[in-house]
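Trainee: One structure coming up, written as structure tokens, with questions to follow.
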Amino acid sequence: MTSADNTQGAKPIELKLEVVTIPVSDIDRAKSFYSGLGWRVDADISGDNFRVIQVTPPGSPASVIFGKGNVVAPYFIVSDIVATQAALAARGVDVGEVYHFDEKGERRSGPEPTRRSYASWASFKDPDGNPWQIQEVTNRLPGRVEAGDTKFTSSTELAAALRRAAAAHGEHEKRNGGQHDANWPDWYAEYIVREQAGQELPL
């Protein structure tokens with residue numbers, strides 16, 4: 001029985017393409033070209049013998065990375081990296097452990113303890129050895145989404161956002177004496193919109 005036979009009827013694994021990597025011969029020339037097209041420059045990070053630039057075409061949910069040195073493999077983002085890693089393993093994918101980096105930059109096993117957005121990773125390869133990274137993202141950095149954009153591509157993604165809003169709202173009610181908040185729908189909506197836009201979350 002093939003792996004496809006084993007997974008017939010199984011719920012699809014949600015992997016949102018976040019970044020593709022391209023080779024360039026001149027980093028500054030490439031940055032000038034893509035920014036000249038009106039692409040948003042999300043990051044320009046440099047260090048010892050490496051430099052990475054990320055740009056995003058207008059309206060695109062995915063970005064492009066180029067640079068030199070330790071340029072990351074193409075990657076997907078997910079809302080729950082532990083569940084995604086388990087689902088991939090259940091389908092026979094040789095997926096690595098979930099990991100994060102501590103405050104010293106050293107790799108540690110398991111998701112980032114606070115489940116901070118952008119901080120937990122896993123990786124896998126296809127049968128030809130093509131590498132893919134997976135990153136857990138629940139709260140976008142400021143400027144990483146179009147202003148006013150609040151979009152969900154599945155009921156699973158929306159449900160995860162509602163669960164995060166519910167947990168945060170529970171803390172909001174505790175801070176306000178434990179009284180029931182009759183305006184909770186408005187609070188949930190504001191929380192979800194701000195979370196997607198990478199803005200400061202309501203208290």
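Here, each number is a calculation from the coordinates, and none is a lab measurement. Predicted, not measured: the structure shown is a model, and the values here were computed from it. Neighbour counts are summed over all protein chains in view; Cβ atoms, including those assigned to glycine, are modelled from backbone coordinates with ideal geometry.
Trainee: Which pairs turn up if I take residues in segment 41-53 that are in contact (Cβ under 8 Å) with a residue 12 or more places away in the chain and loosely packed, with under 10 Cβ neighbours inside 10 Å and look for partners that are in a strand (DSSP E or B) and not aromatic (Phe, Trp, Tyr) with beta carbon separation below 9 Å, at least 6 apart in sequence or on another chain?
Mentor: Listed by first residue and then by second, the contacts come to 49/68.
Trainee: Please tell me if residue 125 is touching a Phe, Trp or Tyr at 6+ places or on another chain (Cβ under 9 Å) and over 30 Å from residue 191 (Cα atoms).
Mentor: So residue 125 fits the description; yes.
Trainee: For residues that are without any contact (Cβ under 8 Å) to a residue 24 or more places away in the chain, surrounded by 11 or more Cβ atoms within 10 Å (Cβ to Cβ) and of a type in the set (Asp, Glu), tally how many sit in segment 187-203.
Mentor: Number satisfying all stated conditions: 1.
Trainee: Say we look at segment 59-76 and pick out the residues that are touching a residue at least 40 places away in the same chain (Cβ under 8 Å) and within 18 Å of residue 140 (Cα to Cα); which of these is surrounded by the most Cβ atoms within 10 Å (Cβ to Cβ)?
Mentor: Checked segment 59-76; the qualifying residue surrounded by the most Cβ atoms within 10 Å (Cβ to Cβ) is 75.
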